[in-house]
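As C-alpha cells, the structure follows; a few thoughts come after it.
The values are calculated or read from the model by the stated rules, or taken from the named source; none is laboratory data. Everything numeric here is computed off the predicted structure, so don't read it as measured data. We place every Cβ from the backbone using ideal geometry, glycine too, and count neighbours over all the protein chains shown. Areas reflect the complete protein model, heavy atoms only, side chains present, ligands, DNA and RNA absent. Shrake-Rupley method; radii C 1.70, N 1.55, O 1.52, S 1.80 Å.
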Amino acid sequence: MGKILKGTIYGLAVAAVAGLGFPASDAKAADLKGKTISWMIPFKEGGGSGRWARFMTPLLAKHTGANIQLKFVPGGGSTKGANLYASRAKANGLEVFGTSGSTQFPFLLGDKRVKYDYGKWRPLLAYATGGVVYINPKLGVKTAADLVKKNPAMKYGSQGATSLDLVPLLAFEMLGLNVKAVFGMKGRSAGRKAFMTGETEIDYQTSSAYLSKVTPLVKEGSAIPIMSWGALDANGNLTRDPTFPNLPHFAEVYKQVKGKAPSGAWFDAWKAFFVAGFPAQKFMVVPKETPGDMVKAYQDALTKVFADPDYLAQKDKKIGKYPQVTGKAAELKFKAATSVPPAAKKWVRDWLTKKYSVKF
Amino acid sequence: MLEALTEAFTILFTIQHLTYMVVGVLLGLVVGVFPGLGGIVGLSLCIPFLHGMDPVSALAMLVGLVAVIPTSDTFTSVLMGIPGSSASQATVLDGFPLAKKGEAARALGAAFSASLFGGLFGAFILTFFVLIARPVILFFTTAELFMLAVLGISMVGVLSGQNIWKGVASCGLGLVIGAIGGAPATGEWRMTFDINYLADGIPLVVVGLGVFAFPEVVDLLRKSGTIAKGATLGKGWLHGLQDMFRNRWLCLRCAGIGTLIGAIPGLGGSVVDWIAYGHVVQTSKDKSKFGTGDIRGVLAPESANNAKEGGGLIPTLLFGIPGSGSMAVFIGGLILIGLEPGPRLLTAELPTTYTIVWTLAFANVVGAGLCLFLSPVIARLTTIRYHLLAPFMLMVISFAAFQASRDLMDFIALVLIGLLGVGMKRFGWSRPALLIGFVLADQVEVYLYQAIQFHEWSFLTRPGVIVLAIITVISVFLGARNKPQAEEEVHDVTSVHAADLRPQLIFSGFVGIVFLYALYDSTKHSTLGSVFTMGVGAVMLVAAIFVIKGVWQSGGEQNTFNYDEERPGVASFKVPEKGIWYFLIWIIGLLGLTALTGFFIALNVFFVAFLRLEAKATWVRTVVLTLMADAILMFLSWLMTLDLPWGLLQHKVIDLPWPIGSI
C-alpha cells in the first residue's frame, strides 16, 4: 500500500543520489529495515524455484530487517511472470524477481513470447546446481566411454526440446549416442518414473534430486551414473562437479571418446545453455536502474546470510550443495548465463528446427 | 509392520501432534470452503510458518490440512452448485438438486459421513498397500495409464444424458478444449489464436466453474426466490448418515477405487470422482433418479475423493512423484521441515509413513465431524433470497477462476466457457461428459503417444492393458444394460421439447464449427502434433452432424434431439419471465468494467447496482453487503499476496494502492 508515496520517496532518493554524482557501485547500503519487499516467482508454488525462495525468504528477512512477500505468478513456462515483471516493476529496490533456467532458455533462444530483456536487469543473487546422467545396468556398460563404444539404442523421457532438456539432448547427440527422445513428460520426476518402469534406459536428474532419489537406485543396482554436466570454475572453465568428483564431466567424456576437446558453434551453444540451466540456474534480479545503495543493501545482507549458521546448517539439505554467490561473482555468472554468441544461437535454433521441428 | 504401526500411533496420540493436526484441519476448512482455493493455497499459507517448527508438529499441520480440503469443498458443491474443487465436481450432479429440493442438510450429512468413512477406509487399505506399493506403481507404465484414461472416457457412456450423440459430442468438446495449448509431443501451439494465455491451456478450475456454476447462477437468478424450494431444509443430517450406512458397501467400493487411482501417479486426482460416479450409475438397477437428486450420486464421489488423498501420498512419499498440484506443494513443505521423500520412507522410516497415513485418517474424522456439526447452520444459506446471494456467488466464482493463473484472461475464459455451459444446459448436452473429455484429453493423447514410442503397438498385448480393456468393456456393457436415464437436469424430457428449432440449430451448428476448426487447425501442424486434434475433430464432426440431422428431422415430435428448456412445445412447462440474456448481460457488464477499472472497483459498482436495481435492497443493506464483500475479498487476496485483476485504469493511467492496484 501507499505505493505512490513510496514511489515518490524513492524517486527523490534516486534523484538525490544521481544529483550528488555518487557512482552507483560505491554507494553506501540503504536501510531496508521495516520495508516491504515483493519477490515475484514466475512459477507455481511447489516447484524448485518456490522451494529456493521459501528457503531464502526468512534468512533474507532476518538480515535486511525487511518484510518479504513472495508472489507466485505462473504461466507460459515462466515467460508470463517475466514479461509482467519487465513491464511493471519499479526500480526502487523493493520489487525483485526470481528467474530460472526456464526463464533464461526462451530468452536465449529468441522465443516469440519473450518480451523481457536480461540486459535491463541486474543480479543480486545467483544459485547453482548440477546434473547427473545415469543409465540402466541392463545395457551392460559401466562408463560413458563404453556406452559410446557399444552404442545401444536408448530412449529418454523428455519434457520438450526447448526446455532444460536441451542440454542433455544436445550432449547425447554430440557424443553420437543413439538416443530417442520421447516427449510429453510432466517434469523430471515423470522422467525418473519412466526410467524406473524400464521404459527409458537413460535419464538425468539435477543434483539434489539425484542425491535423494537416484542414489538409492544406484545402491540397489538398478541405475549406474556415467557422467555429470560439470561445473564452472572462477574463470568460467568447465571442471568436474565438486558434488560428484568421481564422475567425469561432459567435455571430459567428449574428449575421451572423440580424441579432441569439444569446440565450435555447437559447443558454444551447449555451454551457454548449460550455464544458464545449471551453474547459473536461478537469479534474484532487480531492474538495472535500481539505486546502487539498494543493490548494496541486498549484497551486504546476502553476504551475511551466507555466513549465517542457520543457512549453513540447512542449505545443503534444502536447496543443494552448491555455493550461492552475490556481488561480482553473481554478475559474472549472470553475464555468462544470459548471453550466447550469435553464431551459436543460430546453430542451436537450426538444430532444433531440423531435429525436432521446433518453429521459431 | 506392527512395530512401525505402534510407533506411529504413539506419535499420533500425543497432545502436541493432535493440536497441530487440528490447527491444520481448521485452516483447511476455512480455505476449502472457498471454491477454487483448495490444497495448493492452503499449503502455501502454511509453508511460511514451517520454519523453526519441529518436524512432528509441522507434519501434523500439513497433513491435517491436506485431509480436510476434499471434505470442506463439498459445501459449495452441494449448496450452490459451485464445484468447490476438482475433487467435488461430480458431487454437484446430485448434491445440488437435493439442495434445491430442500434436502441440503441430508445431502451434506451423507457427503460428510461418506468422506469420513472413505478417509478411514482409505487409510486402512494404505497401511497394507504401502508394503507392496512400489511394484504396483511401477507396473503402471504409460501403456496402462493410457488404458486407464480410456476407462475414464468410457464413463461418458453412462453420463451422456438422454441423447448419446449429444453426449459423445459433448465429450468431444471437452477433448478439443483440452487440446488447446502446447502439443505434448512436439510443443506446437494448437488453437491458441496467438494468445499467450491459451498456450498453457485453459485451467481446469475455469472449465469446471464455467460449465457447472455459471449456468446455475444464471438459472437461479431467473427463477428468483431461494435455492431450496420453499426455503425449507427438510430432513436433517442424521438422515444423511443413515443413507451412508444403508449404502456402506457402495462407499467401501468407492473408497477402494479412490485409494488405488489416487496412488497411481499420472492420472491425476481430478478424474477419481467421475469414475466413482460412473461406477455407481453403472451398478445401480434403478438409474432414474441420478442427476435429479439421488443420494448415491453424492455418496460415491465423496467416499472416493477423500480416500484419493491418502492414495496420492504414496507416490509422493516413496518416489517424490507428486500426483497433483497440491501434492507438489506438499513435497515442498516436507523438504522445508527436513523430510526428504524417498524409498527410505518404506524401510527405515516406515513409522513416519504410517504416522502420515493415520494422521490423514484422524484428520478426516475431525474434519468431517466439524463439517457435520456446521452443516445445519451453513445449509441455511439455501434459504436466503438468491438475489442477495448472487453477487457473492459471482464474486466467489470470479475470484476462484482468477486464482487459477492470476490473469484477467481467466475471467474472460470463465465467461466464454460459461456461455457454452448455459447453451449445453438449455439444449440438454451432457456437461459431465465435457468435463471428463477435458480432464482426460491430455492424458489420452500423451500416454498413447508415449506408449507407442516406448512399446510400439505391441503395448496392446501387455497383460495390464488387456485386463484394463476387459474392465472397460464390462463397464460399458453395464452402463448400456439399462438404457441410462441419467439426465443431469430436473425436467422430464417429454415436457420440454422445442417448438422453435432455430436456437438449437444455431448451437449444434456452433459445436460443429468447433470441430471443423479443430480439423482446420490440425492441418497446420506436424503429424505428431496434429493427429489427436484431427482424429477428435473428424469423429466428433460426425457426431455433431448426427445431432444437427436429428434436430432437423425431429419436426414437432417430442424426442431427445430437440430438447430446449426455453422453447417448450408443451404449455405445462413454464419458462421464467426474464430471458437468459438478461442476467448474462449483468455478468458481461461486470467483466467489461473489470477490463476498464480492475476487479475491485468493478465489483463494488456491480454490487451496488445489482443490489439496488435487481434485489431491490435498501441502501443500508446494500452498503453493508458491499462492505462485507470488500472485506472478504481483501482478506483473501492479502492472505495470498495477490493483486486483483487490473484494468486499463491501472495499466495505462495511474498507479493505485492495493487492493485496487498492486501490493
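Filtering the stretch B:413-471 to residues that are touching a residue at least 24 places away in the same chain (Cβ under 8 Å) and touching a strand residue (DSSP E or B) at 6+ places or on another chain (Cβ under 6 Å) leaves only B:Gln450. Return yes when B:Met393 is open to solvent by 10 Å² or more (accessible area, probe 1.4 Å) and within 14 Å of chain A (Cβ to nearest Cβ) and no when it is not. So B:Met393 does not fit the description; no. Restricting the stretch B:608-663 to residues that are closer than 17 Å to B:Gln403 by Cβ and more than 14 Å from chain A (Cβ to nearest Cβ) leaves a set whose member that is surrounded by the fewest Cβ atoms within 10 Å (Cβ to Cβ) is B:Phe635. Highlighted here are the helices (runs of 4 or more DSSP H) found entirely within the stretch A:299-358 that include at least 1 residues which are acidic (Asp, Glu), within 14 Å of chain B (Cβ to nearest Cβ) and in contact with a helix residue (DSSP H, G or I) (Cβ under 8 Å, 6 or more places away or on another chain): A:309-319. Candidates are the residues of the stretch B:89-103 that are touching a Phe, Trp or Tyr at 6+ places or on another chain (Cβ under 9 Å) and of a type in the set (A, V, I, L, M); the one that is surrounded by the fewest Cβ atoms within 10 Å (Cβ to Cβ) is B:Leu93.
Being farther than 21 Å from A:Ala153 by Cα, within 13 Å of chain A (Cβ to nearest Cβ) and not basic (Lys, Arg) is the filter here; which residues of the stretch B:449-472 pass it? It would help to see each step written out before you state the result.
Residues of the stretch B:449-472 farther than 21 Å from A:Ala153 by Cα: B:460-472.
Cutting the leftovers down to within 13 Å of chain A (Cβ to nearest Cβ) gives us B:462, B:464.
The answer is B:Gly464, and nothing else.
Listed conditions (1) open to solvent by 40 Å² or more (accessible area, probe 1.4 Å); (2) farther than 29 Å from A:Gly76 by Cβ are all met by A:Leu232, apart from (2). Only one entry of A:Ser163, A:Ser78, A:Ser100 meets the criterion of being within 14 Å of chain B (Cβ to nearest Cβ), among the hydroxyl-bearing types (Ser, Thr, Tyr) and closer than 27 Å to A:Met227 by Cβ, and that entry is A:Ser163. Of the listed requirements (1) in contact with a Pro (Cβ under 8 Å, 6 or more places away or on another chain); (2) closer than 28 Å to B:Leu45 by Cα, A:Ala91 misses just one: (2). Of the residues making up the stretch A:307-360, those that are surrounded by fewer than 14 Cβ atoms within 10 Å (Cβ to Cβ), touching a residue at least 40 places away in the same chain (Cβ under 8 Å), over 15 Å from A:Gln281 (Cβ atoms) and not charged (D, E, K, R) number 3.
Cβ-Cβ contacts under 8 Å between residues 6 or more apart (or on different chains), taken from a first residue in the stretch B:139-155 that is more than 10 Å from chain A (Cβ to nearest Cβ) to a second residue that is open to solvent by 10 Å² or more (accessible area, probe 1.4 Å) and of a type in the set (Asp, Glu), are absent.
For the stretch B:322-351, name all the residues that are outside any helix (DSSP H, G or I) and either open to solvent by 10 Å² or more (accessible area, probe 1.4 Å) or more than 11 Å from chain A (Cβ to nearest Cβ) (or both). Within the stretch B:322-351, B:Pro322, B:Gly323, B:Ser324, B:Ile337, B:Gly338, B:Leu339, B:Glu340, B:Thr347, B:Ala348, B:Glu349 meet the criteria. Here A:Gly236 passes the criteria (1) under 18 Å from the mean Cα position of the chain (by Cα); (2) at pLDDT 95 or above; (3) more than 12 Å from chain B (Cβ to nearest Cβ) except the one numbered (2).
Per-residue answers, yes or no, for (1) over 12 Å from B:Asn305 (Cα atoms); (2) outside the structural domain of B:Leu267 (by TED's automatic domain parsing); (3) of a type in the set (Ser, Thr, Tyr):
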{"site": "B:Gly52", "(1), (2), (3)": "yes, no, no"}
{"site": "B:Ala58", "(1), (2), (3)": "yes, no, no"}
{"site": "B:Leu62", "(1), (2), (3)": "yes, no, no"}
{"site": "B:Val68", "(1), (2), (3)": "no, no, no"}
{"site": "B:Thr71", "(1), (2), (3)": "no, no, yes"}
{"site": "B:Phe75", "(1), (2), (3)": "yes, no, no"}
{"site": "B:Met80", "(1), (2), (3)": "yes, no, no"}
{"site": "B:Pro83", "(1), (2), (3)": "yes, no, no"}
{"site": "B:Thr91", "(1), (2), (3)": "no, no, yes"}
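Residues are listed down the side, and each one gets a yes or a no for (1) within 14 Å of B:Ala368 (Cβ to Cβ); (2) part of a helix (DSSP H, G or I); (3) within 14 Å of chain A (Cβ to nearest Cβ):
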| site | (1), (2), (3) |
| --- | --- |
| B:Leu5 | no, yes, no |
| B:Tyr20 | no, yes, no |
| B:Leu29 | yes, yes, no |
| B:Gly42 | no, yes, yes |
| B:Ser77 | no, yes, no |
| B:Gly81 | no, no, no |
| B:Gly95 | no, yes, no |
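Scanning the stretch B:238-252 turns up no residue that is surrounded by fewer than 20 Cβ atoms within 10 Å (Cβ to Cβ), of a type in the set (Lys, Arg) and at pLDDT below 90. Looking at the stretch A:48-67, which of the residues that are crowded, with 21+ Cβ neighbours inside 10 Å and touching a Pro at 6+ places or on another chain (Cβ under 9 Å) is nearest to the other protein chains (Cβ to nearest Cβ)? Ranking the candidates gives A:Arg54 first.
Consider B:Gly256 carefully, then state whether it is in the same structural domain as B:Gly36 (by TED's automatic domain parsing) and crowded, with 21+ Cβ neighbours inside 10 Å. Here the answer is no, as B:Gly256 does not meet what is asked. Suppose the filter is open to solvent by 10 Å² or more (accessible area, probe 1.4 Å), at the interface with another protein chain (Cβ under 10 Å from one of its Cβ atoms) and not in a helix (DSSP H, G or I); does A:Lys213 pass it? For A:Lys213, the condition - open to solvent by 10 Å² or more (accessible area, probe 1.4 Å), at the interface with another protein chain (Cβ under 10 Å from one of its Cβ atoms) and not in a helix (DSSP H, G or I) - is not met. I'm checking my understanding of the structure. Among residues of the stretch A:33-46 that are more than 7 Å from chain B (Cβ to nearest Cβ) and not basic (Lys, Arg), which one is surrounded by the most Cβ atoms within 10 Å (Cβ to Cβ)? My answer is A:Pro42. B:Val539 passes every criterion in (1) within 26 Å of the chain's Cα centre (by Cα); (2) under 30 Å from B:Ser284 (Cβ atoms); (3) open to solvent by 30 Å² or more (accessible area, probe 1.4 Å); (4) modelled with pLDDT of 90 or more apart from (1). Taken over the stretch A:122-140, residues that are over 28 Å from A:Tyr298 (Cβ atoms), open to solvent by 10 Å² or more (accessible area, probe 1.4 Å) and in contact (Cβ under 8 Å) with a residue 24 or more places away in the chain amount to 4.
In the set (1) hydrophobic (A, V, I, L, M, F, W, C); (2) in contact with a strand residue (DSSP E or B) (Cβ under 9 Å, 6 or more places away or on another chain); (3) farther than 19 Å from A:Lys120 by Cβ, A:Val348 fails one condition alone, (2).
When you scan the stretch B:124-137, how many residues do you find that are within 14 Å of chain A (Cβ to nearest Cβ) and open to solvent by less than 30 Å² (accessible area, probe 1.4 Å)?
As a first pass, look at the stretch B:124-137 and keep what is within 14 Å of chain A (Cβ to nearest Cβ): B:133-137.
From the residues that got through so far, the ones that are open to solvent by less than 30 Å² (accessible area, probe 1.4 Å) too are B:133, B:137.
Of the residues in that region, 2 qualify.
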